[in-house]
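Participant: Below are the structure tokens for one structure; questions will follow.
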Amino acid sequence: MKQAFGLMMCLAVLLQLGYRVAGYDAMYQIGYGAITLMGLMISLTFLWLYVQRATPLALGMAYSWSGASLVLGWWWIFALMGEPPFMEQNSAHLIPLSLYLSGALLHFSVIHRSFGCHGMTFLWPVLGAVILSTVIFMAV
């Protein structure tokens, strides 16, 4: 755990130094590009693990990482292209979001089973998140 925290702190310092040297736009583009590409590679690795039947979480991880990477990738490309109007409120962006949300649902299902539970009760935290998000949206 100390090593993981140390790694995170080193990366935070490097990103801040990059920000000071190259500016926000450069660090945004490099960071979003790198995590998009790494996330897609991680997603393919988890998909391979799912095919190998290595872990029950593999499919959820594949969906989550691909969804997250494609959502971030959308914003990366959006910024690279100078924020084109055709990408601004394009519903195509909701497709990677559906992958991301599917991965989250699969995670809740596996976590639910790991507690020895069965049925659809794993949907309660999901429903709670959707309701809270809706309330926040309506309040703002």
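Participant: Mind listing whichever residues of segment 91-128 are over 20 Å from Ala58 (Cα atoms) and open to solvent by less than 60 Å² (accessible area, probe 1.4 Å)?
Facilitator: Ala92, His93, Gly119, Gly128
Participant: So, one more: Looking only at segment 1-35, count every residue that is under 20 Å from the mean Cα position of the chain (by Cα) and polar (S, T, N, Q) and tell me the total.
Facilitator: 1
Participant: Shifting gears a bit: Taking interchain pairs and intrachain pairs at least six residues apart, which have beta carbon atoms under 6 angstrom, with the first residue in segment 117-138 and free of Cβ contacts under 8 Å to residues at least 40 places away in the same chain and the second open to solvent by less than 60 Å² (accessible area, probe 1.4 Å)?
Facilitator: Once the first residue is free of Cβ contacts under 8 Å to residues at least 40 places away in the same chain and sits in segment 117-138, its partners that are open to solvent by less than 60 Å² (accessible area, probe 1.4 Å) give Phe122/Ser109; Phe122/His112.
Participant: Got a sec? Which of Gly18, Gly6, Gly39 is surrounded by 10 or more Cβ atoms within 10 Å (Cβ to Cβ), farther than 21 Å from Glu83 by Cα and either basic (Lys, Arg) or in contact with a Ser or Thr (Cβ under 9 Å, 6 or more places away or on another chain) (or both)?
Facilitator: Being surrounded by 10 or more Cβ atoms within 10 Å (Cβ to Cβ), farther than 21 Å from Glu83 by Cα and either basic (Lys, Arg) or in contact with a Ser or Thr (Cβ under 9 Å, 6 or more places away or on another chain) (or both) holds for just one of Gly18, Gly6, Gly39, which is Gly39.
Participant: When residues of segment 56-87 are filtered for being of a type outside the set (Phe, Trp, Tyr), closer than 16 Å to Phe108 by Cβ and open to solvent by 50 Å² or more (accessible area, probe 1.4 Å), how many remain?
Facilitator: 2
The values are calculated or read from the model by the stated rules, or taken from the named source; none is laboratory data. Keep in mind that this is a model prediction, so the values were computed, not measured. Ideal geometry is used to build each Cβ from the backbone, glycine not excepted, and the neighbour counts take in all protein chains shown. Surface areas here come from the heavy atoms of the whole protein model, side chains and all, with no ligands, DNA or RNA. Shrake-Rupley method; radii C 1.70, N 1.55, O 1.52, S 1.80 Å.
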